Amino acid sequence: DAGGEAIHRQKRLTRPRPEVDRVGSAWLIRNFIDPKARFVFGTDPAKQRDAIPYDMFEVEFSHHGDDCTFETLVKRFGITDKAVGKIAEIVHDIDLADGKFQTTEGVGLEQVLKGWAKSGLSDEELLKRGGDCFDALYQQLKK
């Protein structure tokens with residue numbers, strides 16, 4: 001279907017200096033939605049109309065209700081993988097800090113991502129290394 005095809009192999013735009021929700025969402029996009037996705041960074045979706053924005057103010061793929069962007073993507077694309085569902089809870093708890101799911105796994109993940117950001121890694125490298133962390137977390141949570 002042409003609409004479904006349009007969502008694949010596209011550029012994705014998010015804000016610079018990605019933290020857990022943007023890094024996790026990039027991992028989710030690459031592993032469950034669009035393996036050929038490319039990521040760019042900026043603050044104004046109007047300046048990059050060829051990219052699908054995520055985790056930005058007033059865009060389709062962002063926070064909705066009490067869901068973080070990762071949860072929005074899981075729901076929008078109908079991802080039912082149980083390990084992804086657990087990761088969604090972890091990302092929610094870190095990103096929104098509302099204690100909704102009472103997870104503890106994300107504490108170290110958040111600190112590692114913030115440490116890498118402080119060390120001056122590029123946005124691209126933050127997505128790459130953060131993606132490796134999400135790969136490992138996914139493997140640990142898979143049954």
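The values are calculated or read from the model by the stated rules, or taken from the named source; none is laboratory data. If you're wondering where the values come from, they're calculated on a predicted model, not measured in any experiment. In case anyone asks, the SASA skips ligands and DNA or RNA and just uses the protein heavy atoms, side chains included. Shrake-Rupley method; radii C 1.70, N 1.55, O 1.52, S 1.80 Å.
So here's what we get for this one:
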| quantity | calculated |
| --- | --- |
| Accessible area of His64 in the full protein assembly, 1.4 Å probe (Å², nearest 10) | 90 Å² |
| Tally of Lys pairs whose C-alpha atoms are under 18 Å apart, taken over the chain, 8 or more apart or cross-chain | 14 |
| Glu60, Glu105, Glu125, reordered so the largest accessible area comes first (probe 1.4 Å) | Glu60, Glu105, Glu125 |
| Computed over the chain: relative contact order in percent, which uses C-alpha pairs under 8 Å that are six or more apart | 27 percent |
| Compactness of the chain, expressed as Rg and Dmax over alpha-carbon positions, Å | 14.3, 44 |
| GNM flexibility winner over the chain from Leu121, Leu28, Leu113 (Cα, springs under 10 Å) | Leu121 |
| Cα pair distances exceeding 14 angstrom across the range 78-143, given as percent | 61 percent |
| Inverse mean reciprocal Cα-Cα distance (Kirkwood Rh) of the range 22-91, Å | 12.5 Å |
| Accessible-area order (highest first, 1.4 angstrom probe) of the listed residues Phe61, Phe77 | Phe77, Phe61 |
| List Glu71, Glu58, Glu89, Glu19, ordered by accessible area with a 1.4 Å probe, largest first | Glu58, Glu19, Glu89, Glu71 |
